[in-house]
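Asks: If you scroll down you'll find the structure; I have some questions about it.
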Amino acid sequence: MDQFLFFLVAFLAVASAVYFVFARNPLYAILSLIVTMFSIAGMYILLNAQFLAIIQIIVYAGAIMVLFLYILMMLNLNKQDESKKNNTLKFIGVFTAGLLLTGILGVFRGVQQNHVVVENVDKGVGLTKNLGRLLFNEYVLPFELASILILAGIVGAVLIGKKDL
């Protein structure tokens, strides 16, 4: 079942990434990139890395893609403003991807199929609970120093941005 879910999520990620490259409308391209980011978060969940999956959704699919959409809306691209696009770069991209795929297949042919049986695997390695326990017990001082440094950066950016304080 896990292998089926992996192939389903991987197919969704690759299909939406290919659609991103070949999309004519920039809005649809950005929406397909959001689907790609969500499917990568699904792969992180399948790898038992829930923290990375949540960060992927919040930071990339949430903040960065909303910023892209905002910029796209601010540009207000019209059909008459957009010139006829040249497909040469797309063909170069497909050719380069084919070369990369050939290289990856060549590497897989050289790898021997050794199956290692792993015993005593800790199932709680990627859990957020363990990360929080480690972060707030062992690394509490660097965590608090980093938060003070980020706060100082935010205050500095506000002071630089606001001229008449």
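The values are calculated or read from the model by the stated rules, or taken from the named source; none is laboratory data. Keep in mind the model is a prediction, meaning the values are calculated, not measured. FYI the Cβ positions are ideal-geometry reconstructions off the backbone, even for glycines, and counts take in every protein chain you see. Surface accessibility is based on the protein's heavy atoms, side chains included, excluding ligands, DNA and RNA. Shrake-Rupley method; radii C 1.70, N 1.55, O 1.52, S 1.80 Å.
Asks: For segment 46-76, name all the residues that are of a type in the set (A, V, I, L, M) and touching a residue at least 40 places away in the same chain (Cβ under 8 Å).
Replies: Leu46, Leu47, Ala49, Leu52, Ile54, Leu69, Leu72
Asks: Can you tell me which residue is modelled with the lowest pLDDT among those in segment 79-111 that are closer than 15 Å to Arg24 by Cα and open to solvent by less than 100 Å² (accessible area, probe 1.4 Å)?
Replies: Filtering first and then ranking leaves Glu82.
Asks: While we're looking at this one, here's another question. Quick check, is Ser32 at pLDDT 80 or above, open to solvent by less than 100 Å² (accessible area, probe 1.4 Å) and hydroxyl-bearing (Ser, Thr, Tyr)?
Replies: Working: at pLDDT 80 or above: yes; open to solvent by less than 100 Å² (accessible area, probe 1.4 Å): yes; hydroxyl-bearing (Ser, Thr, Tyr): yes.
Yes.
Asks: Mind checking whether some residue in segment 13-21 is more than 28 Å from Gly132 (Cα to Cα) and exposed (fewer than 13 other Cβ atoms within 10 Å of the Cβ)?
Replies: yes
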